[in-house]
Amino acid sequence: MLTDLVVSQKVVKVNEFTVVAVPIRTDEPVEETGTGLIPEHWQTFYKQQLANKIANKVNGNTFALYTEFEYNQKMDFTFALGYEVLPGGELKDDMREFIIPEGEYMVFTTAVGPARQVVVEAWAYIREWAKKNHRAYKIDFELYDERCIDPEFSQVDIYVSI
């Protein structure tokens with residue numbers, strides 16, 4: 001066990017796939033404080049049942065994407081929530097299509113616990129890891145699969161582009 005925050009990490013090769021998601025723009029310092037836009041975006045995504053508006057879903061796994069990094073004093077980025085899709089679906093409302101590029105990713109598996117807590121803790125670990133390791137800052141994503149049915153007892157895989 002690496003720490004109490006991340007129970008495993010390994011390099012995996014990911015084949016290209018497409019995610020349709022609802023994006024917002026935010027920055028790293030505000031998100032690190034816990035007062036950022038991401039928690040509210042999750043609430044809006046579920047309250048407005050935006051998942052039901054995404055056509056051609058491959059499965060029920062939810063993806064949280066981090067992309068379009070802008071290297072400034074704040075490290076702005078796009079955060080988006082959505083689902084892997086088959087080609088040809090219609091985009092509704094504020095949805096966008098994101099291509100997850102083929103490549104190598106370091107996958108960090110969180111401890112089991114409340115999703116909102118274990119993911120934040122794992123990202124703190126990843127930020128420290130990135131100080132000594134290469135992080136590509138292309139597109140990173142969290143995978144919420146069957147291990148996340150109970151949000152209070154969840155385990156999440158976080159894929160970081162390397």
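Coordinate-derived values only; no laboratory data. Everything numeric in this text was worked out from a predicted model, so none of it was measured. Cβ: placed from backbone, ideal geometry, glycine included. Neighbour counts: every protein chain shown.
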Within the set Gly82, Gly113, Gly103, GNM on the chain using Cα springs under 10 Å gives the largest fluctuation to Gly103
For Lys13, the net charge from surrounding residues (Cβ-Cβ under 9 Å; K, R +1; D, E -1) works out to -2
Once the in-chain neighbours fewer than 8 apart are removed, the lysines whose Cα is under 25 Å from Lys47 read Lys57, Lys92
If the chain between Lys57 and Ala136 were fully extended at 0.36 nm per residue, the gain over the current Cα-Cα distance would be 25.7 nm
Within the chain, excluding any chymotrypsin sites (Phe, Trp or Tyr not before Pro) found in a DSSP loop (not H, G, I, E or B) and having at most 14 other Cβ atoms within 10 Å, the longest uninterrupted segment runs 72-152
Rounded to the nearest 500, the 222 nm mean residue ellipticity computed for the chain from DSSP H runs (n ≥ 4, each -39500 (n - 2.57)) alone is -5500 deg cm²/dmol
Two pseudo-spin positions, 7 Å from Cα along C-beta at Glu16 and at Thr33, lie apart in nanometres by 4.0
With label points set 7 Å from each Cα along the Cα-to-Cβ direction at Lys92 and Lys74, the distance between them in nm comes to 3.2
Candidate cut points under GluC sites (Glu not before Pro) in the stretch 57-148, DSSP loop plus at most 15 other Cβ atoms within 10 Å of their own Cβ, are Glu90, Glu102
The helix 38-47 Cα axis meets the longest alpha-carbon principal axis of the chain at an angle in degrees, between 0 and 90 and rounded to 10, of 30
